[in-house]
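Worksheet: one structure, shown below.
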Amino acid sequence: MAPLLTEEHRARVGRSTPPRTETVTRREIRRTAVATRQRPARYLAGDEAPPLFFTRFFEDIPSLDDLQPNGQTRQGKSKVRWQGF
């Protein structure tokens, strides 16, 4: 069985990127809770962000040319940059 962490993963250990600042609204928290089927009232009310909510801020929005007909990003065209992880 292949190891869970590749050499590429290990090479990123200890790296960091500049901080990012994002504005988060209750509406965005509520939309994410509904989209990810999070049922606790605190998420649905927008009082607290669901687990892994922050990960969406590490993604750039892909161009329409980078999307397949099903809406997924084409192979090798992902804009996700997990720098520092």
Requested in this report: State all residues of the range 1-16 that are among the hydroxyl-bearing types (Ser, Thr, Tyr) and modelled with pLDDT under 80; if no residue qualifies, say none.
Outcome: none
**Report entry** Leading residue by the ranking (surrounded by the fewest Cβ atoms within 10 Å (Cβ to Cβ)) among those in the range 32-75 that are assigned to a loop (DSSP other than H, G, I, E, B) and basic (Lys, Arg)
**Finding:** Arg37
Requested in this report: May I ask you to list the residues in the range 35-76 that are among the hydrophobic types (A, V, I, L, M, F, W, C) and more than 25 Å from Arg20 (Cα to Cα)?
Outcome: Ala41, Leu44, Ala45, Leu67
Query raised in the report: So which residues in the range 9-31 are closer than 19 Å to Glu59 by Cβ and loosely packed, with under 10 Cβ neighbours inside 10 Å, if there are any at all?
Result: Arg15, Ser16, Pro18, Pro19, Arg20, Thr21, Glu22, Thr23, Thr25, Arg27
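The values are calculated or read from the model by the stated rules, or taken from the named source; none is laboratory data. Please read these numbers as outputs of a predicted model, since none were measured by experiment. Every residue, glycine as well, gets a Cβ built from its backbone with ideal geometry; the counts of neighbours run over all protein chains shown.
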